[in-house]
Amino acid sequence: MNVAELGEVMSGLGEPGWRGRQVAEAIYRQRIVDVGSITTLPKGLRDRLTLEGWRVGRPGVVQVFTSVDGTERYLVQGQADALTVETVWMPEGDEGEAGDTAGEEAAGDGSGRKWDRATICVSSQVGCAVNCQFCLTAKLGLQRNLSAGEIAGQVVEVLDRQRVEIGKDRVNLVFMGMGEPFLNYDNFMRAVRLLVEEVGLSPQRMTVSTSGIVPGIERFAEEPAEIRPKLAISLNAPNDEVRSEVMPINRKWPIEAIVDAVRAVRLRAKERVTFEYVLLGGVTDQPKQAAEVARLVRRTGLPAKVNLIAWNPGPGIPYTTPSEGAVEIFRRALGAEGVPVYLRRPRGRDIYAACGQLKRTEEARS
Ligand code: SAH
Ligand code: SF4
């Protein structure tokens, strides 16, 4: 619930509506998880809320996997059922945000913190219905949508765990965890609103990635700039033929349809659209494909950058990770064509936390 909805709850109890603000502060800013601890409310009201069955709360971390590179993968469970999703904490980001924050310096405030530009990767669904051939999450199928509270709650839970101070610490959010955000559009955008309006995070530090759900992109284009995150498109192939092979959903919404929808998004000053591109050995990593990608990106006429991701392996997925040399050749070839290109560092591969590896894996790799 947002402030207004919490205010209505309070009014319904015969309390002043402004108490909704106090409850919102408690949940989203103070990160309180039980009604009894909301000390801004009178004791009598707290008791009454508890007695009447009102609860505040959020999904909780039930298991933690820590990578050698500092990345942490959390299994997070909501209050509705036993299903879990994954949320990833990357203390130093993965370079995916590179080129977005030109001119910014690291915090370096002497606070002794071990990170200064962390990224939280957030899930939007349990599993995913989009059948991308290279992605481990796809193997789960779609189990259910997450609610807005479950999506925003993952973030609050991690902010609390890492003792992040809003307004002081630099934290980016990427909606690139399990699921396809644009196939859970309403809950996803409600969560974004909560995160912007109640938690106090900037939408310009949030990026949502979509596999190219055109109706979702069209709705996204209508969102006001004050709450609209930045947009990333999982391109992953130089043309429709290859894309349909690795992302069958391309048969429904091919590249040109996606690009047309993206063109309707009113970008902010200096904002760029990100095209993510997973390099699959022998399939999408050929140097001549780099030139094709460059032509494609230029043809869109969009202010854009390309984020390359070397494929992260998963059990039972028949692709190979290109060599570092092949990745470098591809990156240079794109760059030589004048396309801004960044290489996303794989974070937490050893604990199945990297892109495309989120599948509620209960183990770390040995
Ligand atoms: N469903 C959304 C967001 C989550 S996936 C989407 O597909 O865009 C986030 C990114 O990880 C996508 O760009 C996807 O193409 C990429 N990805 C999926 N599986 C991967 C893998 N095994 N290795 C590297 N990247 C992968
Ligand atoms: Fe779903 Fe994204 Fe994985 Fe495709 S890459 S199956 S859209 S999570």
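The values are calculated or read from the model by the stated rules, or taken from the named source; none is laboratory data. Bear in mind that the values here come from a model prediction, so they are computed numbers and not experimental data. Ideal geometry is used to build each Cβ from the backbone, glycine not excepted, and the neighbour counts take in all protein chains shown. Heads up: the accessible areas ignore ligands, DNA and RNA and are worked out on the full protein's heavy atoms, side chains in. Shrake-Rupley method; radii C 1.70, N 1.55, O 1.52, S 1.80 Å.
For residue 323, the conditions (1) surrounded by 15 or more Cβ atoms within 10 Å (Cβ to Cβ); (2) touching a Gly at 6+ places or on another chain (Cβ under 9 Å) all hold with the exception of (1).
Being surrounded by 18 or more Cβ atoms within 10 Å (Cβ to Cβ), away from ligand 1 (no atom under 13 Å from the Cβ) and not in a strand (DSSP E or B) is a description that does not apply to residue 177.
Summed over the range 180-204, the residues that are assigned to a helix (DSSP H, G or I) and more than 11 Å from the chain's Cα centre (by Cα) give a count of 17.
Filtered by the rule that a residue be in a helix (DSSP H, G or I), of a type in the set (D, E, K, R) and within 22 Å of the chain's Cα centre (by Cα), the range 244-281 gives a lone residue, 263. Filtered by the rule that a residue be open to solvent by 10 Å² or more (accessible area, probe 1.4 Å) and closer than 20 Å to residue 150 by Cα, the range 206-223 gives 207, 209.
When we screen 155, 164 for residues that are open to solvent by less than 20 Å² (accessible area, probe 1.4 Å), away from ligand 2 (no atom under 13 Å from the Cβ) and either in contact with a Gly (Cβ under 7 Å, 6 or more places away or on another chain) or not in a helix (DSSP H, G or I) (or both), the only hit is 164. Among the residues of the range 230-271, those identified as surrounded by 17 or more Cβ atoms within 10 Å (Cβ to Cβ) and charged (D, E, K, R) are 230, 243. If you filter the range 180-196 down to residues that are touching a residue at least 40 places away in the same chain (Cβ under 8 Å) and open to solvent by 20 Å² or more (accessible area, probe 1.4 Å), you find that the one that is nearest to ligand 2 (Cβ to nearest atom) is 183.
Pairs meeting the criteria (first residue in the range 28-54 and among the hydroxyl-bearing types (Ser, Thr, Tyr), second residue open to solvent by 60 Å² or more (accessible area, probe 1.4 Å), beta carbons under 8 Å, at least 6 apart or on different chains) are 40/25.
Checked against (1) touching a helix residue (DSSP H, G or I) at 6+ places or on another chain (Cβ under 7 Å); (2) without any contact (Cβ under 8 Å) to a residue 60 or more places away in the chain; (3) surrounded by 18 or more Cβ atoms within 10 Å (Cβ to Cβ); (4) not in a loop (DSSP other than H, G, I, E, B), residue 22 meets all criteria but (1).
All of (1) free of Cβ contacts under 8 Å to residues at least 24 places away in the same chain; (2) surrounded by fewer than 17 Cβ atoms within 10 Å (Cβ to Cβ); (3) of a type outside the set (A, V, I, L, M) hold for residue 57 with one exception: (1). Applying the condition of being within 14 Å of the chain's Cα centre (by Cα) and either within 14 Å of ligand 1 (Cβ to nearest atom) or open to solvent by 10 Å² or more (accessible area, probe 1.4 Å) (or both) to the range 138-152 and asking which residue is nearest to residue 195 (Cα to Cα) yields 151. Whether a residue is more than 16 Å from ligand 2 (Cβ to nearest atom) and open to solvent by 40 Å² or more (accessible area, probe 1.4 Å) was assessed, and residue 226 passes this test.
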